[in-house]
Amino acid sequence: MRLSKDALANIWFPFTYHGDLEENPPIVVDRGSGVYLYDKSGRGYIDAIGSWWVSILGHNHPEITAAVKEQLDKVEHVLMAGCISEPTVETARLLVHMMPRGLTRVFFSDNGSTAVEVALKIALQYWALRGEQRTEFVGLSGSYHGDTLGAMAVGMIPQYHTLFHERFKGFSFSLSPYCYRCPLGLDKQTCEAQCVESLETLLSEHGDRVAGCIFEPMVQGAAGMRVYPAKVLKRIFAACRTHSVLTVADEVAMGLGRTGTLFACEHSGESPDIMCVAKGLTGGYMPMSATVVREEIYAEFCGAFPSDRIFHHGHSYTGNPLASAAAQATLRILLRDRIPQSLGRLAQHFRRELEKFRELECVGDVRSIGMVGAIELVANRGSKEPFPARQRVAFRIARRALDLGLIIRPLGDVLYFMPAYVITEDAIDNMFHLARLAIGQTLDELHTSA
Ligand SMILES: *Cc1c(COP(=O)(O)O)cnc(C)c1O
């Protein structure tokens, strides 16, 4: 079932051309189960992207649903100042237990963007409290850290950020480790090395003024699932250490088992100073995020009245008990079911089947790690020439996929798959089958109309 335009007269959709709505009204989702969503008429869709990466254990998971219902009968909210609910305490304990070594203090907020804002503020105030003039940040081109102003300042995806970057000072960016399309036209290895060297150069020029370096470990998600090697990540850590720059790992998308380790940083064997977690933290049930820091950082903020050793930050819903109940249940399931180790076979199947997209003439690159897979569409495989933007190839494929019962949402001309971990091998096969159908039908249609 689709909604009419009139019914939507008061709604403003995120990341949506409203000019598309008349021809592509949204589906009204009525219920969900596992990787499936159902509309009012009962029609099922495979949710191939975990509803924007939050649904890591599937929709309407019996245990998470039960945990939220149980909490709902007790209390819906308490202010987290002078009060706290038990699920919030337990969520912090579980998170620290799961995190790489050294990360011990959890600051809760509502979403990935605010988790990043909190990380940036902590980094700035940390250096101020230590009496050091470190007020700048460095990041990687191709990064996405959220849509609030601070998070945008450290992000670098031109169509999202350029307009706003004019307002910001004190942020600089290395090259992106996106070596399928190296901006300098280098081969993969040299390109990866160049990315790190550009970061090292930035830091050697003004590292003593830099408070922190923020990055998405292993995969630049929103830029198009740009997977990069652990050795690049290792060198990012090393460069920051050389210049005493705080490392801020934004694990909002890739944390909690997505890349085959509990946290993506683990691929490098390194542990950051500050880590941001959100999206899958509550299994997609409630908005909640966490910024987790090392004890030494927290210690700088540990003061008594009237010193300035206090963190003036908090949100109305910080530590919300319903969200905490969902997070606690989610983390317990991840631990009990030994995720991600137990996903090994499933992830292998996922990767093997994804690789078959290379057979298609329109697929230029196939990227995957753990339970993330992406294919980049090109008009010409040899020259990597993209499809003309006006053709909106990926957009049309996604629209066709929806008609076939598959929910995907491409990033530019990158089609990606990020299903909940409860997906079966059969459902993976079906997901890729529907994606291939949608690609084939869309390209046929373009050829006929050309
Ligand atoms: C989605 C995302 C964010 C922002 O999270 P929101 O909950 O949408 O504010 C930040 N960082 C990364 C890496 C993300 O993928």
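The values are calculated or read from the model by the stated rules, or taken from the named source; none is laboratory data. The structure presented is a predicted model; accordingly, all values stated were derived computationally and were not measured. In this analysis, Cβ positions are derived from the backbone assuming ideal geometry, glycine residues included, and neighbour counts consider all displayed protein chains.
Take the residues in segment 14-43 that are loosely packed, with under 12 Cβ neighbours inside 10 Å and over 28 Å from D147 (Cβ atoms); name whichever of them is modelled with the highest pLDDT.
G42
Of all residues being of a type in the set (G, A, S) and crowded, with 24+ Cβ neighbours inside 10 Å in segment 270-284, which is farthest from the ligand (Cβ to nearest atom)? Just the residue, please.
Taking segment 270-284 as the starting set, the residues that turn out to be of a type in the set (G, A, S) are 271, 278, 280, 283-284.
Keeping just the survivors that are crowded, with 24+ Cβ neighbours inside 10 Å gives 278, 280, 283-284.
Details: A278: 5, G280: 11, G283: 14, G284: 11 Å.
Per the criteria, the residue is G283.
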ask   = How about segment 296-315: which of its residues are without any contact (Cβ under 8 Å) to a residue 12 or more places away in the chain and part of a loop (DSSP other than H, G, I, E, B)?
value = C302, G303, A304, F305, P306, S307, I310, H312
message = List the residue pairs whose Cβ atoms are under 9 Å apart, where the first residue sits in segment 265-288 and is part of a strand (DSSP E or B), the second is within 13 Å of the ligand (Cβ to nearest atom) and polar (S, T, N, Q), and the two are 6 or more positions apart or on different chains.
response = I274/T291; M275/T291; C276/S289; C276/T291; V277/S289; V277/T291
message = Quick check on my filter: what residues within segment 255-292 are in contact with a strand residue (DSSP E or B) (Cβ under 8 Å, 6 or more places away or on another chain) and over 20 Å from V154 (Cβ atoms)?
response = L256, R258, T259, G260, S271, L281, G284, M288
ask   = Regarding R235, is this residue in a loop (DSSP other than H, G, I, E, B) and either basic (K, R) or not assigned by TED's automatic domain parsing to the domain that holds N111 (or both)?
value = no
ask   = Is it the case that segment 119-126 has a residue that's exposed (fewer than 14 other Cβ atoms within 10 Å of the Cβ), within 30 Å of E205 (Cβ to Cβ) and touching a residue at least 12 places away in the same chain (Cβ under 8 Å)?
value = no
Subset of segment 67-81 that is in contact (Cβ under 8 Å) with a residue 60 or more places away in the chain and outside any loop (DSSP other than H, G, I, E, B) - its residue that is surrounded by the most Cβ atoms within 10 Å (Cβ to Cβ) = A67
ask   = Give me the pairs: first residue in segment 172-199 and aliphatic (A, V, I, L, M) and at pLDDT below 90, second residue crowded, with 18+ Cβ neighbours inside 10 Å and not in a loop (DSSP other than H, G, I, E, B), beta-carbon distance under 8 Å, and six or more apart or on different chains, which are they?
value = L184/C191; L184/Q194; L186/Q194
task = Scan segment 285-308 residue by residue and report those that are within 14 Å of the chain's Cα centre (by Cα) and away from the ligand (no atom under 11 Å from the Cβ).
result = A290
key: Residue satisfying condition, being assigned to a loop (DSSP other than H, G, I, E, B) and either among the basic types (K, R) or touching a Gly at 6+ places or on another chain (Cβ under 9 Å) (or both), within set R390, R409, R396   = R409
request  = Take E361 and decide whether it is more than 24 Å from the chain's Cα centre (by Cα), assigned to a helix (DSSP H, G or I) and over 21 Å from A223 (Cβ atoms).
outcome  = no
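Output the number of residues of segment 336-347 satisfying the condition of being over 14 Å from P419 (Cα atoms) and part of a helix (DSSP H, G or I). First the steps, then the outcome.
First, pick out the residues of segment 336-347 that are over 14 Å from P419 (Cα atoms): 336-339, 341-342, 344-345.
Of the ones still in play, those that are also part of a helix (DSSP H, G or I) are 336, 341-342, 344-345.
Selection size over segment 336-347: 5.
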request  = Scan (1) assigned to a loop (DSSP other than H, G, I, E, B); (2) surrounded by fewer than 18 Cβ atoms within 10 Å (Cβ to Cβ); (3) not basic (K, R) for the single condition V96 breaks and write down its number.
outcome  = (1)
note = Given (1) surrounded by fewer than 23 Cβ atoms within 10 Å (Cβ to Cβ); (2) of a type outside the set (S, T, Y); (3) in contact with a strand residue (DSSP E or B) (Cβ under 7 Å, 6 or more places away or on another chain), G319 misses just (1)
Wholly enclosed strands (runs of 3 or more DSSP E) of segment 115-224 bearing at least 2 residues in contact with a helix residue (DSSP H, G or I) (Cβ under 8 Å, 6 or more places away or on another chain), under 30 Å from L281 (Cβ atoms) and within 11 Å of the ligand (Cβ to nearest atom) = 210-215
